[in-house]
Amino acid sequence: MPVRSSSRSIKTKVFEIAEARGIKQSWLAKQYGMTQETLSRIKRGEVRISRRFMEKSCEIFDMPLSALFFVVDVRDTDTGEVL
């Protein structure tokens, strides 16, 4: 029997908003207290978004959590069912 994996993924609009505002990734990384490489990995979805990142994003952009982040349901690859 195949193993079903399920998860919900948190996605962010932080990078689109930063780009629209002309904010450079180097400045953004400093605000988060992380390297540009780590920030790039978050952008590519290679690193999970932490609670600290979400809270700091709200502070940096002066926007509510709901404007910066959203949850994506992952579907079962066998059935297409939302997990």
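At-a-glance table
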| item | result |
| --- | --- |
| Unmet criterion (only one of (1) at pLDDT below 95; (2) on the phi > 0 side of the Ramachandran plot) for S50 | (2) |
| Of the criteria (1) modelled with pLDDT under 95; (2) surrounded by 11 or more Cβ atoms within 10 Å (Cβ to Cβ); (3) among the polar types (S, T, N, Q), which one T35 fails | (1) |
| Candidate set from region 41-68 (those that are of a type in the set (V, I, T) and not in a loop (DSSP other than H, G, I, E, B)); member that is farthest from K30 (Cα to Cα) | I42 |
| Some residue of region 44-51 being under 12 Å from the mean Cα position of the chain (by Cα) and surrounded by 14 or more Cβ atoms within 10 Å (Cβ to Cβ) | yes |
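The values are calculated or read from the model by the stated rules, or taken from the named source; none is laboratory data. Small disclaimer: the values here were computed from a predicted structure and weren't measured. Cβ atoms come from the backbone with ideal geometry, glycine included; neighbour counts cover every protein chain shown.
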